[in-house]
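For reference, the structure discussed in these notes is given below.
Nothing in this text is a laboratory measurement; each read-out follows from the coordinates by a stated rule. Computed from a prediction, not measured in an experiment: that's the story for all the values here. Heads up, the Cβs are rebuilt from the backbone with ideal geometry, glycines too, and the neighbour counts pull from every protein chain shown.
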Amino acid sequence: MFLSQAANPLNAEADKLIKDFDALEKTIGVDFTLLKEAALWIGVALVAGWLSKKVLGWIAPNFKESPIAQAAIRSTGKALQLLIPAYTLFFFFNNANLQDTLKALVASKQLSDGSLSKIDKVVSIIVWTANFFTLYHFVAWPIAWAKKLAENTENKLDDVLVPMLGTASRALVVVLGIIKAVAIIDPTMVNAFLALLGSGGIAIGLASQDTLKNTFGAIMLIIDQPFIIGDFINTGSHEGQVESLGLRSTTLILLDGQRLTIPNSDLANRPIVNITRRDFIRVQDVIHLEMNTSSEHAKQALKIVRELMSNHEGYDPRHPPMAHIQEFSDWAVNLRIMYWYHPADGAKQLEYNQRLILQIIESLQKAGIRLAAQGLPQNT
């Protein structure tokens, strides 16, 4: 009962509006049927665009194995949400009969002079906006394709370059879209707008010199490729694994687990030692024999060490191991050893080095050759 009473005033207003509209048609002699149909179809187009986005957005996650198809489906849904109603409006507005109806409204003073050109301009802006957002969303297609290519390359810096290019592409689309919209509204404003962009760009550039330096630093790191994501590097003051490379800074995970952020402009000007990319690990050490070690024992110690290092694990004929009696110190006879471990696997090299040292100690003890201890008296 309450709802019916509340609805009565609304029904009365609707009936009055319809009668006034019919009276207007008779007064000016214009058939508004096409205008009504246009309004109806535009409403239907809005719903269809919304449904397209929802349906395709629901379908896209099913293509997890194909990121390109996923990006294409999702971006198409977003584009259709605007394209369908925009081009429905464009179609009806350019219909000859509807144009006649609008001209009749102008003639009857129901629309002011110049209204048709204003309406035309609004329709053009709506259509261009739909096209602009379509282009903006479709940038996801080449970005997804580029990401797939980057994943198949060994250079992990490509994974950083692709998002940067995607951001730059979208920014370019936005700038071009704004310029086109200004041209539609008032072609004479384009030059002034471009001049404003230029002066604004200079002001922004002066105010953000550090940001620009870091951005150019990132570009130089990408071009020179002194490291890739995941490499262990030494920057002179810090050593760690490269976690990420952004437009502003590079993040390292230090050996103690802390994360260090280095501005790209600073990093690009530093000497960088790429520990991961080395082909081999060179190891050198000194064996201290007692000062009173006889020449026979010294020769025997040298022979033992050379035999143990001969054809060692990680051996490469280009870098044969070396062992020499090098010098007398104040408290020992020094036997220097040096070998190269291939490939540069730090963990395996440490395991081998441990076994080598234990074998040297055991072999020298069996031969009765004593090692020196600094600061302790020598046996006579």
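Backbone geometry of the range 243-248 corresponds, through the Karplus equation with coefficients 6.51, -1.76 and 1.60 at θ = phi - 60°, to 3J(HN,Hα) couplings of 8, 7, 10, x, 5, 9 Hz, x marking Gly and Pro. Converting phi to 3J(HN,Hα) with the Karplus coefficients 6.51, -1.76 and 1.60 and the offset θ = phi - 60°, the range 217-231 yields x, 4, 4, 5, 5, 5, 6, 6, 6, x, 7, 10, 4, x, 6 Hz in sequence order, with x at every glycine or proline.
So if we plug the beta-carbon distance of LYS148 and HIS288 into 1/(1 + (r/R0)^6) with R0 = 56 Å, what FRET efficiency do we get, rounded to 0.05?
Values: r = 58 Å, r/R0 = 1.04.
Taking R0 as 56 Å, the efficiency between LYS148 and HIS288 is 0.45.
The label-point distance for ASP224 and GLU351, in a model that sets each label 7 Å from Cα toward Cβ, rounds to 3.7 nm. Legend: distances between Cα atoms for LYS147/LYS180; LYS121/LYS180; LYS54/LYS180; LYS118/LYS180; pairs beyond 21 Å are LYS147/LYS180; LYS54/LYS180.
Between ALA39 and PHE63, the FRET efficiency from the beta-carbon distance, with R0 = 30 Å, is close to 0.20.
When only alpha carbons are used to place a centre, the range 332-375 and the range 209-273 end up 36 Å from one another.
Database remark: amide H of ARG370 closer than 5 angstrom to the amide H of GLU290 (H placed geometrically; neighbours at sequence offset of 5 or more, or on other chains; Pro and chain starts carry no H).
Here the 3J(HN,Hα) profile of the range 57-69, calculated from phi with Karplus coefficients 6.51, -1.76 and 1.60 at θ = phi - 60°, is x, 6, 6, 3, x, 6, 10, 5, 7, 10, x, 5, 4 Hz, Gly and Pro shown as x.
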